[in-house]
Amino acid sequence: MQVVAELPRIVIGRSSTNVSCSSRKIASFHLGIGRDWDFACVITRVWDRDEDGSATARVVIQWVYDLAGGLLPLSTAVYAADLGPDPRDLSLARSAFGPNLPRLASLKCHLDPRDVLAYACPLPQVKTPRLIFLITGDSGVGKDYCADSWALTINTRSKAGLKARLVSISDATKRDYAAAKGADLERLFRDRMRDDAPVTAFAHLVSDSMVLEVKIITSPGTKLARQGPSSDDGGGGDVADSCPTVTFNNDKNGNEAASAFCEQYLLPLLDEDFQPLREMVRLTTNCPRQGVEFRDVLGISKQPGGVALCNSLLRSDFAGDWTKVDVIACCETSGIMYASVLATHVNIPLALIRDAGKLPPPTISVSKSSSYISSSGSTQEKTVKMGTDAVRKGGSVVIVDDVLASGETLCTVLKLLGDAGIGAENVSVMVVAELPVHRGRELSRQLDFGRVKVQSLVVPRPQCGKADDRFFW
Ligand SMILES: O=P(O)(O)OC[C@H]1O[C@H](OP(=O)(O)OP(=O)(O)O)[C@H](O)[C@@H]1O
Ligand SMILES: Nc1ncnc2[nH]cnc12
């Protein structure tokens, strides 16, 4: 652990036997922190090698930390090398890396998920929010009021002890986010948070979190009464392909209705059962090809109780009414496993969509681009088919799949259903795991399927052993 701080500059050496803060090393610090400093303070104490790990060595090291701790507030910058893994080095790392520290921590988390380079630097834990509720609605419907109420309800009532944090998506938030994630700040500033499809616009930017939209509406009379006639209506109004996760009617004054809504609709989304399912999705890097992160969603079935848990969540999380669903549609291969178990339990027939040549005629067909995982970089196309009698024209269909990634598979199924006379307004989608980074919702919106309600059970957990999973935001 070595530190050079400015005004006064501090060089702190911790080493056994050989004092390593030679003038050569100090010279190299010059390169590390620039030349605009006047002097460096070198703090060094030594112990004999055979006292490594002894009480004496511990006292010596503590002395260095105490002295550095006293001097750091007086410094303006720090040069750091060989920090960690001692957690006491964290404050030195903070001083050394300043506002870049969260970004460095996030990069380390992604590039070294198993913490092989534990000795490189003691970095803070990256806290990834498990779930983000985007509260939307026209100006004056009471977004701030409801957000306050719901955060309070979550913080006091969540059985899993999850904590909610309120954040407004201001320029400052975007700046913090860009610093932490290395995102393109210019683009974040440019892209307005679109009220008509905010999950689509936002989810890929926070791709380790589940993003859900809670839309607040009121009658025009209530809005007028609360806000006055001269208000500027900043919201998007009713948009044809708006598809919020849940909608809250905030016409009644007082907290009672908001709090009851949270209990009924939001708290179940924080159900503890989603967490084990999320953890069952293992990650393999560079599979099936270099640069690809494979999420083994089908592997849930290899874990004790995995299929049963998944099935029960698919059943209970569905925002619609299973008794009004005519058919569950699924596309080979992996989706069929989850769809068939679900179909058995909700007693609904399956419409199987299979590769050409695997279903008896008569069939209808559509061409399909490869899924993100199955494509080998090229744009391969194949034909998939469905029996003409698999769905009734105008019937109500739920598509079930294991993964939503690029959305190619989902859009193919939607096209096929469209050709069979099932309009987007009669279709819902349930997937076990969503990988927002591949922007499947965006593709479905581009192809005019924005009105289709897509629900996913989990966004697989970020592969960082240190993430604090009790942290809701
Ligand atoms: O959103 P997308 O990029 O289309 O990815 C999602 C699809 O990818 C997988 O199918 P795939 O046919 O690759 O593999 P499978 O045979 O295991 O179902 C998965 O089962 C989904 O259907
Ligand atoms: N299991 C998976 N992991 C990663 N990307 C995918 N795209 C489709 N399926 C996927």
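Observations on the structure shown:
- Scanning segment 428-440 for residues that are of a type outside the set (S, T, N, Q), touching a residue at least 40 places away in the same chain (Cβ under 8 Å) and away from ligand 2 (no atom under 14 Å from the Cβ) yields a single hit, Met430.
- Ser378 being surrounded by fewer than 17 Cβ atoms within 10 Å (Cβ to Cβ) and at pLDDT below 95: yes
Residues checked against (1) buried (at least 16 other Cβ atoms within 10 Å of the Cβ); (2) of a type in the set (Asp, Glu); (3) modelled with pLDDT of 95 or more; (4) under 18 Å from Lys453 (Cβ atoms):
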residue: Phe294; (1), (2), (3), (4): no, no, no, no
residue: Val297; (1), (2), (3), (4): yes, no, yes, no
residue: Ile300; (1), (2), (3), (4): yes, no, yes, no
residue: Gly306; (1), (2), (3), (4): yes, no, yes, no
residue: Leu313; (1), (2), (3), (4): yes, no, yes, yes
residue: Asp321; (1), (2), (3), (4): no, yes, yes, yes
residue: Lys324; (1), (2), (3), (4): no, no, yes, yes
residue: Ile328; (1), (2), (3), (4): yes, no, yes, yes
residue: Met337; (1), (2), (3), (4): yes, no, yes, no
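- Any helices (runs of 4 or more DSSP H) falling wholly within segment 115-210 and containing at least 2 residues that are modelled with pLDDT of 80 or more: 143-157, 198-202
- Some residue of segment 270-289 being surrounded by 15 or more Cβ atoms within 10 Å (Cβ to Cβ) and within 17 Å of Ser149 (Cβ to Cβ): yes
- Residue that is farthest from the chain's Cα centre (by Cα), among those in segment 297-325 that are away from ligand 1 (no atom under 16 Å from the Cβ), of a type outside the set (D, E, K, R) and not in a helix (DSSP H, G or I): Val325
- Restricting attention to segment 326-348, the residues being small (Gly, Ala, Ser) and part of a strand (DSSP E or B) number 1.
- Yes/no for Arg278 being modelled with pLDDT under 95, more than 15 Å from ligand 1 (Cβ to nearest atom) and part of a helix (DSSP H, G or I): yes
- Subset of segment 375-431 that is in a loop (DSSP other than H, G, I, E, B) and within 10 Å of ligand 1 (Cβ to nearest atom) - its residue that is nearest to Gly450 (Cα to Cα): Gly407
- Single residue of segment 432-456 satisfying the filter (surrounded by 23 or more Cβ atoms within 10 Å (Cβ to Cβ), part of a strand (DSSP E or B) and more than 13 Å from the chain's Cα centre (by Cα)) that is modelled with the highest pLDDT: Val432
- Flag if Leu92 is at pLDDT below 80 and either exposed (fewer than 12 other Cβ atoms within 10 Å of the Cβ) or not assigned by TED's automatic domain parsing to the domain that holds Pro198 (or both): yes
- Filter result for Ile364 (within 24 Å of Val397 (Cβ to Cβ), at pLDDT 95 or above, in contact with a Cys (Cβ under 8 Å, 6 or more places away or on another chain) and not in a loop (DSSP other than H, G, I, E, B)): no
- Count of segment 386-424 residues which are more than 16 Å from ligand 2 (Cβ to nearest atom), closer than 18 Å to Gly335 by Cβ and in contact with a Gly (Cβ under 8 Å, 6 or more places away or on another chain): 3
The values are calculated or read from the model by the stated rules, or taken from the named source; none is laboratory data. Computed from a predicted structure; not experimentally measured. Neighbour counts run over all protein chains shown; Cβ positions are idealised from the backbone, glycine included.
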